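The values are calculated or read from the model by the stated rules, or taken from the named source; none is laboratory data. Every value quoted in this text rests on a predicted model; they were computed, and no experiment measured them. Using ideal geometry, Cβ is built from the backbone for each residue, glycine included, and neighbour counts are taken over all protein chains shown. Side chains are part of the model used for accessible areas, which takes the heavy atoms of the whole protein and leaves out ligands, DNA and RNA. Shrake-Rupley method; radii C 1.70, N 1.55, O 1.52, S 1.80 Å.
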Amino acid sequence: MDQFINLTLNGLSQGAVYAALALSLVIIYQATRVVNFAQPALALISIYIAYTVSQATGSYWLGFGAALLTGLVLGAATERLLIRPVHGRSPLNAIIVTLGLLLVLQGLAGMIWTNEPHSFAFPMDYRGRFSPSDWFALGSVGVTALLLFALYRFTPLGLRMRAAAFRPEAARLSGVRVGLMLTAGWAIASVIGALAGMLAAPPFIFPNVLDEVFIFAIAAAVVGGLENPFGALAGGVLLGLGMSYVSGYAGPELTTLAALAILVLVLSIRPDGLFSRPTARKV
């Protein structure tokens with residue numbers, strides 16, 4: 001029983017990281033119908049900025065704040081300078097742009113900070129059944145989800161962002177600055193991605209540190225449904241729990257296979273994801 005409890009708690013903390021990165025992907029997909037393959041690279045640069053600030057100031061939390069601010073700026077700049085010029089054309093154009101940006105930023109990180117791992121330990125204790133770092137991961141993602149829900153549900157900005165994402169032409173006719181709302185969506189998504197990176201990266205950072213996390217985050221987003229931000233959160237937790245149980249009872253070498261099995265099973269039952277509403281198309 002103790003092993004089951006330990007695996008469950010570990011799965012929740014790991015699933016929170018996958019959920020946060022999946023949430024950042026879903027926010028962008030909702031707004032632009034683009035899967036942002038550059039998201040781990042944007043988070044990576046944010047982590048390295050945090051590392052640099054922490055080394056210079058001696059404070060992890062100043063670096064943490066710098067990472068979120070860097071994510072905000074990088075997300076807004078990516079949408080404004082790279083995605084907007086190709087938006088509205090073939091969706092493949094934007095996907096190619098994000099893939100290219102992924103390679104460029106990972107290469108740039110290697111050039112500036114080298115490809116060698118750098119020690120960047122989390123300031124909270126990892127030890128114990130559910131350590132302070134686990135509580136922080138779960139709590140920070142939970143608070144982020146609540147803030148995002150409040151933004152979308154109760155604020156004029158959230159209403160304008162939803163209108164720009166789902167009915168851009170009608171939003172323009174109503175006076176909404178659709179371009180600005182899309183930029184805001186990319187910025188918010190990149191902040192959440194930076195948070196996920198800061199939770200996932202310790203104790204060592206290197207240019208490919210988030211690749212595996214990103215793969216699981218995509219799986220979580222698809223499992224929950226690319227149209228549902230909170231489905232992405234549930235998908236991340238579900239994936240984290242499933243992989244934790246498989247790792248504990250069958251061996252860690254089977255965790256990637258378990259993630260694939262969960263993804264295939266869900267898509268076989270609900271092709272649009274567990275929490276997406278099926279849509280009808282007129283022909």
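Using just its DSSP H runs of length 4 or more, each adding -39500 (n - 2.57), the chain gives a mean residue ellipticity at 222 nm of -24500 deg cm²/dmol after division by all residues. Computed over protein heavy atoms with a 1.4 angstrom probe, the accessible surface ordering of Asp2, Asp125, largest first, is Asp2, Asp125.
For segment 65-71, the Karplus equation 6.51 cos²θ - 1.76 cosθ + 1.60, evaluated at θ = phi - 60°, returns couplings of x, 5, 5, 5, 5, 4, x Hz by residue, with Gly and Pro reported as x. Relative protection proxy for 249-255, 146-152, from highest mean packing down: 146-152, 249-255 (other beta-carbon atoms within 10 angstrom).
Keeping every protein chain in place, order Glu212, Glu227, Glu79 by accessible area at 1.4 Å, biggest value first, i.e. largest first.
On the way: Glu212 110, Glu227 75, Glu79 5 Å².
Greatest to least solvent exposure: Glu212, Glu227, Glu79.
Rounded to a whole number, what % of the accessible area of the chain do carbon and sulfur atoms account for, probe 1.4 Å?
Working: 9460 of 13960 Å².
C and S fraction of accessible area: 68 percent.
Each 5 Å bin from 0 upward holds the following percent of the Cα-Cα pairs of segment 1-136: 2, 9, 14, 18, 17, 15, 12, 8, 4, 1, 0, 0. Given a 1.4 Å probe and the protein chains as shown, Ile95 ends up with an accessible area of around 40 Å².
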